[in-house]
Amino acid sequence: MSNAERFLKGYLDAWRTNDPDSIRGLFTPDATYRSGARDLEPALGADAIVAQWEEERDEPGTWSYEGGVDLQTEKAAVIRGVTTYTEGPKSGTYENVWLVRFDEDGRAAEFQDWWVQREG
């Protein structure tokens with residue numbers, strides 16, 4: 001399994017559970033995490049990423065994701081998908097593109113999410 005495939009599987013598992021250790025395990029201690037294009041100040045470091053994730057958490061069963069790895073090397077990947085929220089303030093369908101850069105151990109050193117909500 002490639003770094004990108006392993007990251008996507010781990011990310012989806014962490015998203016389903018909101019488990020802090022699962023989230024932290026995806027990222028390097030000094031990783032940067034931007035959850036949107038307008039996120040000018042990234043979360044810096046695994047602990048800050050966990051804190052941001054907790055603040056923006058999606059409850060299990062309120063969303064679904066379909067997507068996969070579009071481009072990948074050992075050190076970086078572009079992952080594209082569609083997220084659908086069925087409840088809450090985010091209700092709707094969103095197109096997502098993630099840029100992930102990996103360290104030598106395959107953990108994310110940088111994560112950037114670009115998303116746009118579908119109309120209608």
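Since every read-out is calculated from the coordinates, none of them should be taken as a lab result. What you see is a predicted model, and the numbers here were worked out from it, not measured in a lab. Glycine gets a Cβ as well: all are built from the backbone with ideal geometry, and neighbour counts include every protein chain shown.
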- request: About the Cα centre of the range 3-117, how large is the charge dipole given +1 on each Lys and Arg Cβ and -1 on each Asp and Glu Cβ? Please answer in debye to the nearest 20.
  value: 260 debye
statement: With Cα coordinates, the longest principal axis of the chain makes an angle with the long axis of helix 46-55, in degrees rounded to 10, of 10 degrees
statement: For the chain, the longest principal axis of the Cα atoms and the Cα long axis of helix 3-17 enclose an angle in degrees, to the nearest 10, of 50 degrees
- prompt: Among A14, G81, A46, which residue has its Cα positioned farthest towards the positive end of the charge dipole of the range 3-117, with +1 placed on the Cβ of Lys and Arg, -1 on the Cβ of Asp and Glu, and the dipole taken about the Cα centre?
  reply: G81
statement: Contact order relative to length for the chain, counting C-alpha pairs under 8 Å separated by 6 or more residues, stands in percent at 27 percent
field: Cβ-defined net charge surrounding G61, 13 Å radius [Lys, Arg +1; Asp, Glu -1]
entry: -1
- prompt: From the Cα gyration tensor of the chain, with a ≥ b ≥ c the square roots of its eigenvalues, which class applies: rounded if a/c is under 1.5, or else prolate if a/b is larger than b/c, or else oblate?
  reply: prolate
statement: Counting only residues 5 or more apart in sequence or on a different chain, those whose built amide H sits under 5 Å from that of T28 are A108, A109
